[in-house]
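*Asks:* The following block contains the structure, expressed as C-alpha cells.
The values are calculated or read from the model by the stated rules, or taken from the named source; none is laboratory data. Just so you know, these numbers come straight off a predicted model, no measurement behind them. Neighbour counts run over all protein chains shown; Cβ positions are idealised from the backbone, glycine included. When the accessible area is computed, the model is the full protein with side chains, heavy atoms only, and any ligands, DNA or RNA have been set aside. Shrake-Rupley method; radii C 1.70, N 1.55, O 1.52, S 1.80 Å.
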Amino acid sequence: METCSFTIIPTSVTPQETHRFMGYHRNRIARPLATMFILAAFLLPAAPAVDRPPWNASWITHPTAPLREPLVLHFRRTLSLTEKPAHYIVHVSADNRFVLFVNGRRVGDGPARGNLTHWRYETFDLADYLSAGTNYVTATVWNYGIYGPTAQITDRTAFLMQGDTALEAAIDTPKDWMVEAEPGQYPVPRKPEGFDAYMASGPGEELDAARYDWSWNNPQASGSNWVPAASPMRENIYPNAARAALAGQTVDNYWQLVPDELPHMAYTPTEAGMVVRTDEPGAKTFPAVPVKLPGNRHVHILLDRKTLTTAYPRLTVSGGAGARIRLTYAEALYDEKQQKGDRDEVGTRQAEGFHDSFLPDGKPHRTFEPLWWRTWRYLDLDIQTASSPLTLESLTANFTAYPFEERASFVGKNGNDEDAELAKIWEISWRTARLDAHETYMDTPYYEQLQYIGDTRIQALISYAVAGDDRLAKQALAAFDASRMPNGLTQSRYPTSQPQIIPPFSLLWIGMLHDYWMYRPDTAPVNEHLPGTRTVLDWFARYEQPDGLLRRLPWWSFIDWVSTGALPSYDANGESCTTTLQYLGALQDAADMEHALGDPDRAARDIQRAEHSRTGLRQKCWDPARKLLADSPAQTSFSQQTNVLAVLFDVVPKDEQQNVLKKVAAIEPGTAPDGILSCSYYFRFYLARALDHAGMADDYLASLKPWRELLPLHFSTWPETPGETRSDSHAWSAHPAYDLLTLVAGIEPSSSGFATVRVAPHPGELTTISANFPHPQGTISVQLQRSANALSGTVTLPGTLTGSFLWHGEEQPLHPGVNQIQAD
C-alpha cells in the first residue's frame, strides 16, 4: 500500500512565511513532533495582535536537559545598580511554571494557564526587592511532562524575562543568565494505593534533600552544574528562533505572548492545622512547638484545619538523615469501607489520596515547600526515621487563590434571631467559590483543577454578585472561545491538554455570555465572542429534526449526574427532549444579544428556530396523563431537569408552570420517586431560576433543605454530588450565595449592563432581610422587614442607578439614593 503525505498551510500566512514553513519542515520523518506542534499552533485560534514594539528578550533553557520530560531548572543572574530604583518593571513567563525571587525573597509566580496562541506573561515591579549594588535575580522553572496537570498545555521547558523599558533592559534573557538542572525534586507518579478516583490535577512531588541543591538561591554559591543558558529551539538553525513575540507577530517558536490581565494570586499566611491524632505523645503540641522524634521510629501525626484550604504547605526539619516523610492531603477522612461520613469525625479514620514525599539529609533547617499548591482540611504526616533523630521545627502554610473580595452580604432573621443555618450556608458557599477560583475557575481544587463551562457559568455569577469582579469571568469566556474546534463547537473545559467535548456545555457558554451581558456594562467581550455563538448554534442546527427536536449528538451529552438511569435519554428515532430544551434556551439568549449588538436578521432566525423547537417539544414530549414533560418523545422516562428547563423556557404554558414545579420541586437530590430523576446540587441552580420564572421564588428557601442536611455532617465546602461524593469541594454546588442575593433579597439587573435594577424580594418565612450587592456604580443596599403580608424598609441605589421595586404584583419606581419602602 502506498502512503501519501500533505502539509496544511494556514491561509493567513504570507508567501515568505509559507516558504519558510515548508522548507524548514520538509524532513517530516526526522521532525514529526515539531511538525505536529507547528500545526497545532497555527490551527488554534490566535489571539489578536497587540500594538507593542517587538520583544528584545529570547526564551532560554538548559543546553542539554531533555525539555519535554519532567524537569526542574534554576535560573540566576546578577544585576548591578548604582542606586535603588523607584520602579523596575519586568515581564516574565515560562513553560510550564516559574517562581521568581530577588535577593532570596519570593516575588511571585506564573504564568497563568492558557494555550500556545495565548501564552501569558506576568508583570512585576522589582523595585522594593532591589538595592544599590549587586542584586541577585533567580527563578525556579518546572515542567512535569506527561505527569503534569491536565489543565496545563506545554511545548517544552523554557524561561523568559524582559525589562519594560531601556532602564530595565539589562535584565533581558538570555544575556548573562545561568541555569542548572535540579536533580533533587521530581514528580511522584500517582498510583491507586487503595484510593481509586479520577485525578487530573497533577502529580505530587518528592524532594530528596541529599540530592537537592540547597545553595541554588545563594549569590555566593558556585559549582560545575551551573552553565550558560541556551536557546530552547534546538531543532531550529536560525539564530533568532527563540526571540519572544506577542501574539500576532511572526516567530519561530510556539509561544504567542499575551499579557495576563488578572491580578496576582494571593500568597498569605494561613494555618496548616492542629494535631488531632498522633502515636507520638511529644507531638501533640506540634506545629506550635517543635518536636524531636527518636531514630528508628514510625510516627503518624494527623492535623485538622477545620475548614478546607488551598495553600502551599511549608515544613522545616533538622537532622533525621535517611528519614522519609510522606505528606498526605485529604478533604475528609475515610473509614475502613472507604466512606467519609461526618467530616469532623476522626477516630481511626485515615487520610488517603494526594501526597508528597520529603527525604531529609540530616542537615539543619531543611524546608520542603511544593512547587504547586495543595488542597486539604486534613494533613497526615507519615514519618519513618532512620538511625538519627529528626526534629520537626515548624509547619506553616500560605493560602493562595484568586484575590476576590467579599463585598456582598446577606442576613436573614426570624424575629430577632438570625437564621444560623442560612448564615452557615452563605459562609460555606463563598468559601467553596473562593477555593475553586485561581488563575482559572476550577470544578474542584483537589481532583481536577479544570475550568468546565457548566461549573464556570455559576461561578461567574457568584463572582459578579458577591465580589463585583468580572476579570476571571472574562478570562473564562475568552478561554472557551479559544478552545473552539473547526466544527464550531467549544470544548467543554479549557485550558486542557486532553480535549473533552460535551456539546450541551457549548450551549451553556452562550448562556454564560448572556449573563455577562446582563451584569456588566462593558460590551466589548460580548462583541468579541458573539460570532462564536453563531458557530455553536449552526453546529446544533445540523442535528435539528423536522419536528424541531435534536437527534442524538456525538461525544458526551452530559446534562447532570443522576442516581439511576441516564440523562439524556432517547426514543427510537434518537431524539431527546432534554438536549433540545438546552438548545432552545441558547437560541433565546443568542437572539437577545444579536438583537442588541449583532445581526437583527440572525436574531429573528434564532427566535423562529426557538419557537419551532418549543412547538415540537410540546407536541412530542408532553405527557397529558402525568402532566409532565418527558425526557424523550418515547415518554418512558421523566426528570426534574427536563421539567425545570421546560418551565424556564416556557415550553410548559404559563398557567401550568406552577403545577409542574409543585410536582417536582420537592424531589431531593439522589432520589427518584415515582421514577422521576432528581437534580443534583448543580442543576438545582436551574431549579431556582425556574421557581423565580414561575412566580414561586418564595419557595426557594424551602428548596435549600439539601444544603441544610449537609450541615450536621460538618462540610466546610459543598460536595459534588449527594451521598458518598468523590469531591468535597465543587464549585457548582455553591450557588446559594448567588440565590440568596438574587431570589431572597431579590436584587437582579432588569436591563443589560445592569443599567437598571429590579428588587423583588421573596423572604419566605423570614421577617428581616439585610443585603448588600456590589454594582458597577457602587453598592445596592436592601434593608426590609416583613409584617404579615406587608414590607417596610429601605432600598439604597448607588450613583445614577434607577429601577423598580416589586411586591405582590405592585411596582414602585426606585431612584438613586435612599428609597423608602412601604408595600402591602
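*Asks:* Inspect all residues belonging to segment 158-176 and state whether any of them is of a type outside the set (Gly, Ala, Ser), farther than 28 Å from Ala242 by Cα and touching a Leu at 6+ places or on another chain (Cβ under 7 Å).
*Replies:* No, segment 158-176 contains no residue that is of a type outside the set (Gly, Ala, Ser), farther than 28 Å from Ala242 by Cα and touching a Leu at 6+ places or on another chain (Cβ under 7 Å).
*Asks:* Looking at (1) out of contact with any helix residue (DSSP H, G or I) (no Cβ under 8 Å at 6 or more places or on another chain); (2) assigned to a helix (DSSP H, G or I); (3) small (Gly, Ala, Ser), can you tell me which one Gly723 breaks?
*Replies:* Tallying (1) out of contact with any helix residue (DSSP H, G or I) (no Cβ under 8 Å at 6 or more places or on another chain); (2) assigned to a helix (DSSP H, G or I); (3) small (Gly, Ala, Ser), Gly723 fails exactly one: (2).
*Asks:* Across segment 775-806, what is the total count of residues that are more than 37 Å from the chain's Cα centre (by Cα) and either buried (at least 18 other Cβ atoms within 10 Å of the Cβ) or of a type in the set (Ser, Thr, Tyr) (or both)?
*Replies:* Qualifying residue count, segment 775-806: 5.
*Asks:* Has segment 260-274 got at least one residue that is over 28 Å from Val99 (Cα atoms), at pLDDT below 95 and surrounded by fewer than 16 Cβ atoms within 10 Å (Cβ to Cβ)?
*Replies:* no
*Asks:* Does Pro232 fit the bill of being in contact with a helix residue (DSSP H, G or I) (Cβ under 7 Å, 6 or more places away or on another chain) and touching a residue at least 40 places away in the same chain (Cβ under 8 Å)?
*Replies:* no
*Asks:* Let me ask something additional. Looking at segment 508-530 only, could you name the residues that are open to solvent by 20 Å² or more (accessible area, probe 1.4 Å) and aromatic (Phe, Trp, Tyr)?
*Replies:* Residue satisfying the conditions is Trp517 alone.
*Asks:* Would it be correct to say that Thr348 is assigned to a loop (DSSP other than H, G, I, E, B) and closer than 17 Å to Thr278 by Cβ?
*Replies:* Spelling it out, Thr348 is indeed assigned to a loop (DSSP other than H, G, I, E, B) and closer than 17 Å to Thr278 by Cβ.
*Asks:* Out of (1) of a type outside the set (A, V, I, L, M); (2) under 25 Å from Asp361 (Cβ atoms); (3) touching a residue at least 40 places away in the same chain (Cβ under 8 Å); (4) not in a loop (DSSP other than H, G, I, E, B), the odd one out for Arg277 is which?
*Replies:* (2)
*Asks:* A further question follows. Restricted to segment 182-205, and to residues that are open to solvent by 30 Å² or more (accessible area, probe 1.4 Å) and of a type in the set (Asp, Glu), which residue is modelled with the highest pLDDT?
*Replies:* For segment 182-205, the residue satisfying everything is Asp196.
*Asks:* Right, next: Name the residues in segment 73-111 that are open to solvent by 30 Å² or more (accessible area, probe 1.4 Å) and over 29 Å from Ala311 (Cα atoms), would you?
*Replies:* Scanning segment 73-111 gives Thr78, Ser80, Leu81, Thr82, Glu83, Lys84, Ala86, His87.
*Asks:* What is the number of the single condition among (1) of a type in the set (A, V, I, L, M); (2) surrounded by fewer than 22 Cβ atoms within 10 Å (Cβ to Cβ); (3) out of contact with any His (no Cβ under 9 Å at 6 or more places or on another chain) that Leu167 does not meet?
*Replies:* For Leu167, the failing item is (3).
*Asks:* Any chance you could count how many residues in segment 694-708 are open to solvent by 40 Å² or more (accessible area, probe 1.4 Å), under 15 Å from Ser429 (Cβ atoms) and either in a loop (DSSP other than H, G, I, E, B) or touching a Cys at 6+ places or on another chain (Cβ under 7 Å) (or both)?
*Replies:* 0
*Asks:* Given (1) in contact (Cβ under 8 Å) with a residue 60 or more places away in the chain; (2) touching an Asp or Glu at 6+ places or on another chain (Cβ under 8 Å), identify the lone condition not met by Ala771.
*Replies:* (2)
*Asks:* Something else: Name the residues in segment 118-148 that are assigned to a loop (DSSP other than H, G, I, E, B) and over 24 Å from Met233 (Cα atoms), would you?
*Replies:* Leu126, Leu130, Ser131, Ala132
*Asks:* Which condition breaks for Leu422 when tested against (1) out of contact with any helix residue (DSSP H, G or I) (no Cβ under 6 Å at 6 or more places or on another chain); (2) within 24 Å of Tyr682 (Cβ to Cβ); (3) part of a strand (DSSP E or B)?
*Replies:* With (1) out of contact with any helix residue (DSSP H, G or I) (no Cβ under 6 Å at 6 or more places or on another chain); (2) within 24 Å of Tyr682 (Cβ to Cβ); (3) part of a strand (DSSP E or B) applied to Leu422, the lone miss is (3).
*Asks:* If you take the residues in segment 320-333 that are in a strand (DSSP E or B) and open to solvent by less than 20 Å² (accessible area, probe 1.4 Å), which one is nearest to Arg366 (Cα to Cα)?
*Replies:* If we take residues in segment 320-333 being in a strand (DSSP E or B) and open to solvent by less than 20 Å² (accessible area, probe 1.4 Å), then Ile325 is nearest to Arg366 (Cα to Cα).
*Asks:* Quick check on my filter: what residues within segment 383-397 are buried (at least 18 other Cβ atoms within 10 Å of the Cβ) and part of a strand (DSSP E or B)?
*Replies:* Correct list: Ile383, Leu390, Leu392, Glu393, Leu395, Ala397.
*Asks:* Could you list all residues from segment 479-507 that are open to solvent by 10 Å² or more (accessible area, probe 1.4 Å), under 22 Å from Leu584 (Cα atoms) and in contact (Cβ under 8 Å) with a residue 24 or more places away in the chain?
*Replies:* Asp481, Arg484, Asn487, Ile501
*Asks:* Here's something else I'd like to know. Go through segment 430-446 residue by residue and tally those that are in contact with an Asp or Glu (Cβ under 9 Å, 6 or more places away or on another chain) and among the hydroxyl-bearing types (Ser, Thr, Tyr).
*Replies:* Result for segment 430-446: 3.
*Asks:* State whether the residues of segment 678-693 include one that is of a type in the set (A, V, I, L, M) and not in a helix (DSSP H, G or I).
*Replies:* No, every residue in segment 678-693 fails to be of a type in the set (A, V, I, L, M) and not in a helix (DSSP H, G or I).
*Asks:* What's the number of the only condition in (1) closer than 30 Å to Met593 by Cα; (2) hydroxyl-bearing (Ser, Thr, Tyr); (3) modelled with pLDDT under 95 that Ser787 fails to meet?
*Replies:* (1)
*Asks:* For residues that are within 19 Å of Tyr543 (Cα to Cα) and open to solvent by 30 Å² or more (accessible area, probe 1.4 Å), tally how many sit in segment 580-606.
*Replies:* Looking only at that region, the number is 2.
*Asks:* Taking the condition closer than 30 Å to Thr278 by Cβ, surrounded by fewer than 24 Cβ atoms within 10 Å (Cβ to Cβ) and either in contact (Cβ under 8 Å) with a residue 12 or more places away in the chain or touching a helix residue (DSSP H, G or I) at 6+ places or on another chain (Cβ under 7 Å) (or both), does Arg407 pass?
*Replies:* For Arg407, the condition - closer than 30 Å to Thr278 by Cβ, surrounded by fewer than 24 Cβ atoms within 10 Å (Cβ to Cβ) and either in contact (Cβ under 8 Å) with a residue 12 or more places away in the chain or touching a helix residue (DSSP H, G or I) at 6+ places or on another chain (Cβ under 7 Å) (or both) - is not met.
*Asks:* Considering only segment 426-447, I want to know if a residue exists there that is surrounded by fewer than 16 Cβ atoms within 10 Å (Cβ to Cβ) and more than 20 Å from Thr307 (Cα to Cα).
*Replies:* Going through segment 426-447, the residues surrounded by fewer than 16 Cβ atoms within 10 Å (Cβ to Cβ) turn out to be 427.
With the extra rule that they be more than 20 Å from Thr307 (Cα to Cα), the set shrinks to none.
No; the residues of segment 426-447 include none that is surrounded by fewer than 16 Cβ atoms within 10 Å (Cβ to Cβ) and more than 20 Å from Thr307 (Cα to Cα).
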